[in-house]
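The structure appears right after this line, and notes come after that.
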Amino acid sequence: MDIRIKEAVDLFQEVMFYGTERVIKSIDDPLWKEFSPEQIQMLKLVSREKRITSSRLAALQAVHKSAISSRIKKLLQKDVIRFVQTEQQDRREKLVELTDRGKEVLVQSDKVLTDYIENLLAQHVNDEEIDQFLTIFRKLKDIIKADGVS
């Protein structure tokens with residue numbers, strides 16, 4: 001095994017775990033008090049997929065379906081998602097989609113997060129490094145999509 005790949009995986013995981021924790025603790029915005037990081041992540045997934053099943057959400061968030069059911073219930077109460085019926089023969093399957101309020105919450109969340117990360121990176125990362133980061137992550141995204149993972 002190429003030790004550079006192992007180091008890259010380790011670094012990626014460390015940035016994800018500790019970076020998420022730091023961001024959550026550092027961002028002082030009412031929105032981040034109202035919604036958990038898992039709920040924000042779920043809203044992002046719903047936004048990207050447009051309409052999505054709870055089973056798919058559970059797979060993407062790597063949690064049991066009961067955790068997704070609980071998150072869905074809370075997000076329904078906050079009027080940021082709604083259920084829609086599938087247009088296929090199996091009418092029992094419900095899809096989740098964002099409401100207009102859900103879209104507004106995501107726009108606000110993205111702005112708060114982007115502003116925080118921009119300020120953090122401005123102190124430590126130059127434009128060329130940001131471009132390198134983007135190039136690598138775009139390539140990884142393309143590879144993962146080509147491999148059937150989406």
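In the stretch 62-78, the residues that are in contact (Cβ under 8 Å) with a residue 12 or more places away in the chain form Cβ pairs under 6 Å with partners that are surrounded by 13 or more Cβ atoms within 10 Å (Cβ to Cβ) and of a type in the set (Ser, Thr, Tyr), at six or more places apart or across chains, as follows: 68/54.
Here is a check on your reading of the model: is residue 14 in a helix (DSSP H, G or I), within 19 Å of residue 113 (Cα to Cα) and free of Cβ contacts under 8 Å to residues at least 12 places away in the same chain? When the stated conditions are applied, residue 14 passes them. Taking the stretch 27-44 as the range and being exposed (fewer than 11 other Cβ atoms within 10 Å of the Cβ) and over 20 Å from residue 79 (Cβ atoms) as the test, only 28 passes. Taking the stretch 1-16 as the range and being surrounded by 10 or more Cβ atoms within 10 Å (Cβ to Cβ) and basic (Lys, Arg) as the test, only 6 passes. So which of 68, 72 ends up being surrounded by 15 or more Cβ atoms within 10 Å (Cβ to Cβ), touching a helix residue (DSSP H, G or I) at 6+ places or on another chain (Cβ under 8 Å) and over 28 Å from residue 137 (Cβ atoms)? That would be 72, the only listed residue that is surrounded by 15 or more Cβ atoms within 10 Å (Cβ to Cβ), touching a helix residue (DSSP H, G or I) at 6+ places or on another chain (Cβ under 8 Å) and over 28 Å from residue 137 (Cβ atoms). For first residues located in the stretch 106-126 and surrounded by 13 or more Cβ atoms within 10 Å (Cβ to Cβ), partners that are at pLDDT 85 or above and small (Gly, Ala, Ser) and lie 6+ apart or on another chain with Cβ distances below 8 Å form the pairs 106/47.
Only one of the listed residues (134, 113, 120, 95) is farther than 20 Å from residue 16 by Cβ, aliphatic (A, V, I, L, M) and not in a loop (DSSP other than H, G, I, E, B). That residue is 95.
The values are calculated or read from the model by the stated rules, or taken from the named source; none is laboratory data. If you're wondering where the values come from, they're calculated on a predicted model, not measured in any experiment. A quick note on method: Cβ atoms are made from the backbone with ideal geometry, for glycine too, and the neighbour counts reach across all protein chains shown.
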